Amino acid sequence: PRGRINLVKMVGEGKITDLSVLENPLDLCLGCRACETACPSGVEYGAILESARAALVKRKKYAFPTRVLRNVTFKKVFPSKRVMNVIGDALWLYQKSGLQKVARRTKLLSKFPNYLAEFEAITPEAASPAERRKMPSRVGAKGERKYTVAFFTGCIMDAMFQKVNQLSVQLLAEAGCEVIVTEGQTCCGALHAHSGEMEGARMLAKQNIAAFEQEHVDFIINNAGGCGAMLHEYDHLLATDPEWHDRARAFSDKSKDISQVLIACGGLQNLRNRNERVTYQRSCHLTNVQKVVQEPIKLIKSIPGVELIEMEDVNMCCGSAGIYNIIHYEESMKILDTKMKHTKATNASTVITTNPGCLLQMKLGIEREQLSGSVRALHLVEYLTEAAGLTGMK
């Protein structure tokens, strides 16, 4: 990060006038923000990185197809719950209609760019349109109510990991939370901010703040490390907006990862014996931005019969980093290969993660190492659900 910070500083001082020299160094940065955790001076590298990327986006002249794709993706797709539902339903139809089997048998996907076949192979099983409609707007606490919480569904989580969202609501209810699935919420804006689309990120933040202000809750819960980091920093995102800053700070103060609230509730009771060795892939943004480290570990260790083996270099990024593994595939795979070397050394049969990007990346690593018969990757919520004997929304 020192070199990148120095380049940004030199541009700011006018010593470098060609901003294109920043593009490659900034593009190759994972944005994991481990440097912030390590820095004794508390340099806010994340803010520097996003500001520099935003400056580049404003000055860069994209080719027409790229400009259209960015506009559609950031303005029409991620912010629209209707469009994301269509994508989720289309994925379910592709998987259940037989098209997926045909595509794999004929190796049709190998003819597409950006390693589509490899990513398609680790796509999670999508929820059906009927299952999507089962997500209630409110679920009562089981037994004594300890907290009233609002649940943040996210955009990609809701489209591709809707089952994890449903299970999250169930776990919270089992732990003693009354759960409200807030109407009017939208994408967190993380992908916008990481891509330099700061105005779009601010618009989405304001929409979410306004939506969750309608509910009187103790916490606003998310189950994705990347989304949670963005929600956690809404006050920084809107720091210069006098109308929204205090509202954003109140929102950020309530924003919590699901593991934090499950621990605050006293954990989960009557968990089944797993008799299994597992390892935990830490989400960079959960660790380095939200500073949530011990809560997931405590939940894993609370399950009878589970032996948690920490992998070497536990805080190393898995290489997913949002869409980094798509736009910088080769660099990402080098990082993943090292991560899988550490994973295999644990002899764990399950890799537990707390972020959808990490989950897909670790599944990809398992496929690349041909370990799918002996090793699996699960979201923490899925693993806890198994231990609790829950099966999903009725």
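Going from most exposed to least, what order do HIS379, HIS194, HIS236, HIS328 have by accessible area with a 1.4 Å probe?
Ranked list, largest accessible area first: HIS236, HIS194, HIS328, HIS379.
Sort SER320, SER374 from largest to smallest accessible area, using a 1.4 Å probe on the heavy atoms of the protein chains.
SER374, SER320
Computed from the coordinates I sent, volume of the Cα convex hull per residue in Å³ equals one of (i) 149; (ii) 173; (iii) 129. Tell me the label.
Here the calculated entry is (i).
Give the average over all directions of the projected area of the C-alpha convex hull of the range 67-209, one decimal, in nm². If you can, show how the numbers build up before the last one.
Values: hull surface 40.7 nm².
One quarter of the hull surface, i.e. the mean projection, equals 10.2 nm².
Share of the range 121-275's accessible area from carbon and sulfur, percent, 1.4 Å?
Using a 1.4 Å probe with all protein chains present, the range 121-275 comes out at 46 percent carbon and sulfur.
Given the rule -39500 (n - 2.57) for each run of at least 4 DSSP H residues, summed and divided by the residues of the chain, what is its mean residue ellipticity at 222 nm, to the nearest 500 deg cm²/dmol?
-14500 deg cm²/dmol
In terms of modelled amide H atoms, which long-range or inter-chain residues lie less than 5 Å from the amide H of HIS379?
Long-range HN contacts for HIS379: THR353.
Determine how large the accessible area of LEU378 is when every protein chain is in place; take a 1.4 Å probe and give Å² rounded to the nearest 10.
20
Set the Förster distance to 25 Å, then compute FRET efficiency between SER349 and LYS75 from the Cβ-Cβ distance, nearest 0.05.
0.05
Which pairs, out of LYS75/LYS256; LYS206/LYS254; LYS146/LYS254; LYS75/LYS206; LYS341/LYS363; LYS256/LYS291, put more than 21 Å between their alpha-carbon atoms?
From LYS75/LYS256; LYS206/LYS254; LYS146/LYS254; LYS75/LYS206; LYS341/LYS363; LYS256/LYS291, over 21 Å: LYS75/LYS256.
Given a 1.4 Å probe and the protein chains all in place, what does the accessible area of PHE112 round to, in Å² to the nearest 10?
100
What ³J(HN,Hα) values, in whole Hz, does the Karplus curve 6.51 cos²θ - 1.76 cosθ + 1.60 give for the range 100-105 when θ = phi - 60°, with x put for Gly and Pro?
With the stated coefficients, the range 100-105 comes to 5, 5, 5, 4, 6, 5 Hz.
So if each residue of separation counts as 0.36 nm, and I subtract the Cα-Cα distance between ALA250 and LYS142, what length gain in nm does that give?
Value of the extension gain: 36.1 nm.
Please calculate the 1.4 Å probe accessible area of LYS363, with all protein chains present, and give it to the nearest 10 Å².
60
Please report the equivalent ellipsoid semi-axes of the range 136-263, computed as sqrt(5 x eigenvalue) of the Cα gyration tensor, largest first, in whole Å.
25, 16, 11
If you build a Gaussian network model of the chain, linking Cα atoms that sit under 10 Å apart, which residue out of TYR324, TYR383, TYR115 swings the most?
TYR115
Please turn the phi angles of the range 202-208 into ³J(HN,Hα) values with the Karplus equation 6.51 cos²θ - 1.76 cosθ + 1.60 (θ = phi - 60°), one per residue in order, whole Hz, x for glycine and proline.
Each residue's phi maps through the Karplus curve to give 5, 4, 5, 4, 5, 5, 5 Hz.
Largest first, what is the accessible-area ranking of GLU178, GLU183 with a 1.4 Å probe?
Highest to lowest solvent-accessible surface, that is GLU183, GLU178.
Let's see if you can work this out: charge +1 on each Lys and Arg Cβ, -1 on each Asp and Glu Cβ, no other charges. What is the dipole magnitude of the chain about its Cα centre, in debye to the nearest 20?
1040
Counting other Cβ atoms within 10 Å, which trypsin sites (Lys or Arg not before Pro) in the range 1-72 have at most 15 and lie in a DSSP loop?
Here the sparse-neighbourhood loop sites are LYS15, LYS60, LYS61.
Leaving out ligands and nucleic acids, and using a 1.4 Å probe, what accessible area per residue does the range 136-263 come to in Å²?
Using a 1.4 Å probe on heavy atoms only, each residue of the range 136-263 averages 36 Å².
The values are calculated or read from the model by the stated rules, or taken from the named source; none is laboratory data. What you are looking at is a predicted structure, and each value in this text was computed from that prediction instead of being measured. Heads up, the Cβs are rebuilt from the backbone with ideal geometry, glycines too, and the neighbour counts pull from every protein chain shown. Note: areas computed on protein heavy atoms with side chains; ligands, DNA, RNA excluded. Shrake-Rupley method; radii C 1.70, N 1.55, O 1.52, S 1.80 Å.
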